[in-house]
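This report refers to the structure that appears directly beneath it.
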Amino acid sequence: ADRDRIFGFLSGELDSAVQSVAIHASDADDLWEAQTYRTPFDEGRLVVGPVPHLYPLVKLADQSPLYAVCVADSNQARLVVCGLGAVLTEEDFDGPEPIDRTRVAGWAEVRYQSRIEDHIQKNAREIVERLGKIVERGEVDYVILGGDDPILGELRRHLTPAIREKLIDEEHISIDAGAHEIL
């Protein structure tokens with residue numbers, strides 16, 4: 001029964017991006033778990049036995065660290081957690097209320113510019129706070145920041161030591177980039 005179910009699963013419609021499959025099955029114990037990965041195992045093998053053969057999964061996890069990509073601009077941000085060749089979670093959020101962008105002049109322009117800088121700082125603090133929660137929970141091994149120069153500079157100023165320790169790169173990534181582009 002297990003063999004037939006496994007063959008049925010493998011001959012079915014698998015996503016073309018899948019490069020590895022781990023199946024734990026026991027019809028007698030009503031167990032069926034099939035995990036697909038976009039990262040290949042070192043070698044192809046079939047293991048049949050009374051206990052799961054976990055070494056290839058552990059090795060795959062060690063070779064594919066989890067990382068958070070934080071893409072931001074002055075009004076919004078996206079936190080994308082990636083690993084094992086796939087997007088694992090994605091969170092979009094808006095920053096503080098956007099500033100009214102009507103044209104101003106004179107002293108009002110100075111106040112307007114100050115409000116814009118305040119807005120960017122508040123957004124950066126909120127982004128770093130949310131990113132910090134992911135890092136503190138130990139969900140990621142590395143952090144990558146993405147966005148335009150003004151927000152990247154502000155994010156750098158607000159990074160906690162825990163995030164700074166895991167930061168490996170900064171990229172100019174558009175907030176409108178798809179998850180597959182971010183991956």
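Things worth noting here:
- Qualifying position, being closer than 24 Å to L88 by Cβ and in contact with a Cys (Cβ under 9 Å, 6 or more places away or on another chain), among A34, A68: A68
- Taking region 5-30 as the range and being free of Cβ contacts under 8 Å to residues at least 24 places away in the same chain, more than 24 Å from H180 (Cα to Cα) and surrounded by 12 or more Cβ atoms within 10 Å (Cβ to Cβ) as the test, the residues that pass are I6, I23, A25.
- Single unsatisfied condition, F41 versus (1) touching a helix residue (DSSP H, G or I) at 6+ places or on another chain (Cβ under 8 Å); (2) open to solvent by 70 Å² or more (accessible area, probe 1.4 Å); (3) among the aromatic types (F, W, Y): (2)
- Among the residues of region 133-154, those that are closer than 19 Å to G83 by Cα and buried (at least 16 other Cβ atoms within 10 Å of the Cβ) comprise I134, V135, V140, Y142, V143, I144, L145, G146.
- Screening C70 on (1) assigned to a strand (DSSP E or B); (2) open to solvent by 40 Å² or more (accessible area, probe 1.4 Å); (3) not charged (D, E, K, R) shows it passes everything except condition (2).
- Here R103, R115, R157, R111 are screened, and the one residue that is modelled with pLDDT of 80 or more and either surrounded by 13 or more Cβ atoms within 10 Å (Cβ to Cβ) or out of contact with any Asp or Glu (no Cβ under 8 Å at 6 or more places or on another chain) (or both) is R157.
- Entry remark, region 1-22: residues being aromatic (F, W, Y) and not in a helix (DSSP H, G or I) number 0 in total.
The values are calculated or read from the model by the stated rules, or taken from the named source; none is laboratory data. This one's a predicted model, so the numbers in the text were calculated from it and none came from an experiment. We place every Cβ from the backbone using ideal geometry, glycine too, and count neighbours over all the protein chains shown. Note: accessible area is taken over every heavy atom of the protein model, side chains too, but ligands, DNA and RNA are not part of it. Shrake-Rupley method; radii C 1.70, N 1.55, O 1.52, S 1.80 Å.
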